[in-house]
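K.L.:
Below: one structure in structure tokens.
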Amino acid sequence: MKMKSILCAVFALTAALSLSAQELQNFTRRQPIVSPEVTDSTVIFRLSAPYATEVSVSPSWLGYGAEAQKMGKMTRGDGGVWSVALPRPESELYTYTFTVDGVSTLDPVNIFVQRDGTRFMSAVLVDGGTADLYKERIGGGDLEQVWYKDSTNDMIRRMYVYTPAGYNPNDKRTKYPVLYLLHGGGGDEDAWSTLGRTRQIMDNLIAEGKATPMIVVMPNGNPSEYAARTQMLPTKEGLTFASGFDNYESMTNDIVPYIEANYNVITNRKGRAVAGLSMGGGQSFYIGFRHIDKFANIGIFSSGLLGGSVGAGAFDAEKEMPGIYTNTKKYNNLDLLYISCGTEDNRIDGTEKVVAEMRDKGYNVTYETYPGGHVWSVWRLNLASFVQKVFK
């Protein structure tokens, strides 16, 4: 009886393995779907949806509107594989989603996915230009997720820390400058490293000798969040701040001391920079100017603080930072004051007004614009430009 049971078990196992091998063999016989496929002249999107009646793709370079929807319509082919070939856009990092019978979905064969707040999107790098800066470089720097004590708000919080290639924690003689880099509203500590491609940008520019090797600290700029919402942690209730921009004293109280206690960094103002986009740009204004004794470099990218956001009034710099215009001897002491905005961003008029005011008061403002609106394609270029100018 025992031998019979053993034989039955062996037979069952052999049958199961045979079926598994057959399933795998059947799976591997399927024609693989390539999507997106970037050619010299087109980007081809494909999606297997044999039961769908209407399928379209919405790549970010098409924008919105009827013409974009028309161009993104896909045609059904053999085996229910839908496809469309679009003219290849200029080199950049783009995102897209499919719409299948009115339902938005990611590209199931593309593992390159990005998150912007609560939105998940498939992504594609069109190389040969700007996007080459966003490519991986073998042997680049490291990116750590670090939990630290936020004593200001009585929280344990998470930030990302980039250290450049060659950084050795045991080499106490080599000190690095630090860029404290802040995200925008709706973002979190993931944003600059994923959507912003910070590590890739730094690796490439440092390797090319265009940027000073530096440490980049990317904290969560939402004061009530312990970490990105993908961590499924609660938010802390009851915190109050002067405004949605003037809300980050923990930067100087907690983050800077933590970094300087745990990393080999320069500990004077010339070795510190603070910069950010949108909300983070406004936070950088308050952090940098309020602590002018701690920061010699400030970057403000597309910030609604400077005016132009829907419902926002004109920005009064002297009111927000008393003395910035009437006591310029105190505040006009920066190695780099960098301000930028997209040409199609509704914040640009207010931004340019503040730039003109500051220049009139004697500030040496580096001001740049880039084609685009309130979008990551502008902010990645802001970062790339800023890090090539700072700590020189």
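K.L.:
Could you tell me which numbered condition Gly281 fails, if it satisfies all but one of (1) in contact with a Ser or Thr (Cβ under 6 Å, 6 or more places away or on another chain); (2) assigned to a strand (DSSP E or B)?
P.N.:
With (1) in contact with a Ser or Thr (Cβ under 6 Å, 6 or more places away or on another chain); (2) assigned to a strand (DSSP E or B) applied to Gly281, the lone miss is (2).
K.L.:
Does Leu337 satisfy the condition of being assigned to a helix (DSSP H, G or I), surrounded by 14 or more Cβ atoms within 10 Å (Cβ to Cβ) and within 22 Å of the chain's Cα centre (by Cα)?
P.N.:
So Leu337 fails the test.
K.L.:
Now for a different question. Which count do you get for residues in the stretch 232-262 that are surrounded by fewer than 13 Cβ atoms within 10 Å (Cβ to Cβ) and either of a type outside the set (Gly, Ala, Ser) or not in a loop (DSSP other than H, G, I, E, B) (or both)?
P.N.:
The total comes to 7.
K.L.:
Considering only residues that are surrounded by 18 or more Cβ atoms within 10 Å (Cβ to Cβ) and more than 18 Å from Tyr258 (Cα to Cα), which ones fall in the stretch 138-170?
P.N.:
Gly141, Pro164
K.L.:
Here's another thing I want to ask about it. Any chance the stretch 180-196 includes a residue that's at pLDDT 95 or above, out of contact with any helix residue (DSSP H, G or I) (no Cβ under 7 Å at 6 or more places or on another chain), aliphatic (A, V, I, L, M) and surrounded by 22 or more Cβ atoms within 10 Å (Cβ to Cβ)?
P.N.:
Within the stretch 180-196, one or more residues are at pLDDT 95 or above, out of contact with any helix residue (DSSP H, G or I) (no Cβ under 7 Å at 6 or more places or on another chain), aliphatic (A, V, I, L, M) and surrounded by 22 or more Cβ atoms within 10 Å (Cβ to Cβ).
K.L.:
Still on this structure, please answer the following. Here is a check on your reading of the model: is Tyr51 assigned to a loop (DSSP other than H, G, I, E, B), at pLDDT 95 or above and either within 28 Å of the chain's Cα centre (by Cα) or not assigned by TED's automatic domain parsing to the domain that holds Trp379 (or both)?
P.N.:
It is true that Tyr51 is assigned to a loop (DSSP other than H, G, I, E, B), at pLDDT 95 or above and either within 28 Å of the chain's Cα centre (by Cα) or not assigned by TED's automatic domain parsing to the domain that holds Trp379 (or both).
K.L.:
Within the stretch 75-110, take every residue that is over 30 Å from the mean Cα position of the chain (by Cα) and closer than 24 Å to Asp40 by Cα and give me the one that is surrounded by the most Cβ atoms within 10 Å (Cβ to Cβ).
P.N.:
The qualifying residue surrounded by the most Cβ atoms within 10 Å (Cβ to Cβ) is Trp82.
K.L.:
Which of the residues that make up the stretch 340-359 are of a type outside the set (A, V, I, L, M) and in a helix (DSSP H, G or I)?
P.N.:
Passing the criteria: Asp349, Gly350, Thr351, Glu352, Lys353, Glu357, Arg359.
K.L.:
If you take the residues in the stretch 204-223 that are surrounded by 14 or more Cβ atoms within 10 Å (Cβ to Cβ), touching a residue at least 60 places away in the same chain (Cβ under 8 Å) and more than 15 Å from the chain's Cα centre (by Cα), which one is farthest from Gly276 (Cα to Cα)?
P.N.:
Top of the filtered list is Ala207.
K.L.:
How do the pairs read when you match residues in the stretch 348-375 that are on the phi > 0 side of the Ramachandran plot and assigned by TED's automatic domain parsing to the domain that holds Gly307 with residues anywhere that are part of a helix (DSSP H, G or I) and of a type outside the set (A, V, I, L, M), using Cβ under 6 Å and keeping only pairs 6 or more apart or on different chains?
P.N.:
As it stands, the answer is Gly362/Thr328, since those pairs meet every condition given.
K.L.:
How about the stretch 324-339: which of its residues are aromatic (Phe, Trp, Tyr) and under 9 Å from Ile292 (Cα atoms)?
P.N.:
Across the stretch 324-339, the qualifying residue is only Tyr331.
K.L.:
Let me ask something else about it. Can you pull out every residue in the stretch 286-316 that is buried (at least 18 other Cβ atoms within 10 Å of the Cβ), assigned to a helix (DSSP H, G or I) and modelled with pLDDT of 95 or more?
P.N.:
Passing the criteria: Tyr286, Ile287, Gly288, Phe289.
The values are calculated or read from the model by the stated rules, or taken from the named source; none is laboratory data. If you're wondering where the values come from, they're calculated on a predicted model, not measured in any experiment. For neighbour counting, all protein chains shown are included, and Cβ atoms are generated from backbone atoms with ideal geometry for every residue, glycine included.
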